[in-house]
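Below: the structure, in structure tokens.
The values are calculated or read from the model by the stated rules, or taken from the named source; none is laboratory data. Fair warning: this is a prediction, and the values are worked out from it, not measured in the lab. FYI the Cβ positions are ideal-geometry reconstructions off the backbone, even for glycines, and counts take in every protein chain you see. Areas reflect the complete protein model, heavy atoms only, side chains present, ligands, DNA and RNA absent. Shrake-Rupley method; radii C 1.70, N 1.55, O 1.52, S 1.80 Å.
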Amino acid sequence: MMLEKEKNSAISIPLKHLTLKANLYIPENAKGLVIFSHGSGSSRFSPRNNFVANILNKKGLATLLLDLLTESEDENYATRFNINLLTSRLIAATKWVQQQRETEQISLGYFGASTGAASAIRAAAFFKDDIKAIVSRGGRPDLALDEISEVTASTLFIVGGKDSAVLELNITAYAKMESEKKIEIIPGASHLFEEAGKLEKVAELSASWFKKWLITKKL
């Protein structure tokens, strides 16, 4: 499906007992939608994720950057690392996307950063073929090892060459994943890819991966 009109808006996603805040951008003729699952202590205003989202938008991909926690919840350090809670919120938000007229037929993918990669993997295991692709940026997929073999989405692990501890965790997760998969190690990059040109590389690799795998799921 290709959406004919551009849309850029701040939205609210109603759940049973609370509302999640999100930013939705749908470029004209979008061919897929990438839902961002942020890492602990991050939000829809994350400069790194917004940078990646902007590149995806320029490549014709829609993006949804959402806060999986309320402001008060985000102030609680333990809640930031509650992967079960984050996963349940991501699943609920994804169901909402699937029910909206503008997005109900568009192919879906997840972009997960840090601990957000774990909730993305768990949610993808829940949705099976409804999630076509995942990109994990400096992610903690080791926090979703029990579910990772159930993921059918094509998954790209991007890790900084200087992020040795996280690289080992990604290699372990990679070995357990049974779907289409790839690891990209960016030389000279640390965990947050703050070095010159490294985040640009993350965005380029992500855009290529999503464009390859986000195909129309419905006619």
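A few notes on this one:
- Selection of the range 163-175 for residues being surrounded by fewer than 16 Cβ atoms within 10 Å (Cβ to Cβ) and among the charged types (D, E, K, R) yields only E168.
- Filtered residue count, the range 151-182, keeping only those that are within 16 Å of the chain's Cα centre (by Cα), of a type in the set (V, I, T) and not in a loop (DSSP other than H, G, I, E, B): 3
- Here A53 meets each of (1) small (G, A, S); (2) assigned to a loop (DSSP other than H, G, I, E, B); (3) closer than 24 Å to R140 by Cβ with one exception, condition (2).
- No other residue among I106, I91, I83, I121 is hydrophobic (A, V, I, L, M, F, W, C), open to solvent by less than 10 Å² (accessible area, probe 1.4 Å) and either farther than 17 Å from L156 by Cβ or touching a Cys at 6+ places or on another chain (Cβ under 6 Å) (or both) apart from I106.
- Flag for K95 being on the phi > 0 side of the Ramachandran plot, out of contact with any Lys or Arg (no Cβ under 9 Å at 6 or more places or on another chain) and either part of a helix (DSSP H, G or I) or of a type in the set (A, V, I, L, M) (or both): no
- Residues of the range 6-29 classified as of a type outside the set (F, W, Y) and under 16 Å from S46 (Cβ atoms), total: 6
- All positions within the range 57-77 that are within 21 Å of H191 (Cβ to Cβ) and in a helix (DSSP H, G or I): D74, Y77
- Conditions (1) modelled with pLDDT under 95; (2) in contact with a strand residue (DSSP E or B) (Cβ under 6 Å, 6 or more places away or on another chain): number failed by N170: (1)
- If you filter the range 190-204 down to residues that are open to solvent by 30 Å² or more (accessible area, probe 1.4 Å) and under 16 Å from the mean Cα position of the chain (by Cα), you find that the one that is nearest to L56 (Cα to Cα) is E204.
- Filtering the range 144-162 to residues that are under 20 Å from F81 (Cα atoms) and either among the basic types (K, R) or open to solvent by 10 Å² or more (accessible area, probe 1.4 Å) (or both) leaves L145, D146, E147.
- Selection within the range 59-72: residues that are open to solvent by 30 Å² or more (accessible area, probe 1.4 Å) and in contact (Cβ under 8 Å) with a residue 12 or more places away in the chain. The member of this set that is nearest to F193 (Cα to Cα) is K59.
- Candidate set from the range 124-143 (those that are part of a helix (DSSP H, G or I) and hydrophobic (A, V, I, L, M, F, W, C)); member that is surrounded by the most Cβ atoms within 10 Å (Cβ to Cβ): A124
- Note on the range 152-166: residues that are under 18 Å from S190 (Cα atoms) and touching a residue at least 24 places away in the same chain (Cβ under 8 Å) amount to 9.
- When restricted to residues that are over 18 Å from A207 (Cβ atoms) and not basic (K, R), the range 133-169 contains 21.
- Boolean, G39 is within 22 Å of E147 (Cα to Cα), part of a loop (DSSP other than H, G, I, E, B) and touching a residue at least 60 places away in the same chain (Cβ under 8 Å): yes
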